[in-house]
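**Student:** Below is the structure I would like to discuss, written out as structure tokens.
The values are calculated or read from the model by the stated rules, or taken from the named source; none is laboratory data. Quick caveat, the model's predicted, so the values are computed rather than measured. Positions of Cβ are generated from backbone atoms using ideal geometry, with glycine treated the same way; all protein chains shown enter the neighbour counts.
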Amino acid sequence: MAKTRIGANAIFSGPQKGLTTIGEHCYAYSGAVSNDGGNETTLLEFNTGKGYIKGIIQTGTSHTGDHADTFRFRVYFNGQVVYDFLDDAGQYYVDPHIPIRIIIPPLTLVKVTGDNTASTAVKIIEANVIGRVYDA
């Protein structure tokens, strides 16, 4: 999905998979996405422009007190896994997860996915990206 460049006075129109750029900053919020365990679900997917992004990617889950779940989150650049995080709910991780500080190169297809690898129960997962765009 192509990124959208909007003015500094733009209002938030809701979660989506794409990247939105406001001035020198950018964001993407997946919102709450249902995942039926065993299926890798795309939370975010976008192409970067000519500039690079220095930012943070953060993921989260709705454990809802069920500690039998294990969630896997992956970040892909141009189809290659650059980050793979396994959250074993039995270890009582606090949500949201620790932010991933990252540099996203220019002209890169970024995809963030999540999956409940230990259960087929439907759970809610989410991801977001915030950052600053340089040399755009």
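**Student:** Please specify each residue of the stretch 1-20 satisfying the condition of being modelled with pLDDT of 90 or more and not in a loop (DSSP other than H, G, I, E, B).
**Tutor:** Selection gives 20 alone.
**Student:** Considering only the stretch 36-51, state which residues are out of contact with any Leu (no Cβ under 9 Å at 6 or more places or on another chain) and closer than 28 Å to residue 105 by Cβ.
**Tutor:** 40, 41, 42, 43, 51, listed by residue number.
**Student:** Taking the stated definitions as given, is residue 55 outside any strand (DSSP E or B), surrounded by 12 or more Cβ atoms within 10 Å (Cβ to Cβ) and at pLDDT 90 or above?
**Tutor:** No.
**Student:** I would also like to ask the following. If a residue must be under 18 Å from residue 13 (Cβ atoms), part of a loop (DSSP other than H, G, I, E, B) and more than 10 Å from the chain's Cα centre (by Cα), how many such residues does the stretch 23-49 contain?
**Tutor:** Qualifying residue count for the region: 2.
**Student:** Give the stretch 121-135 a look and list any residue that's over 15 Å from residue 43 (Cα atoms) and crowded, with 17+ Cβ neighbours inside 10 Å, or say none.
**Tutor:** Selection gives 131, 133.
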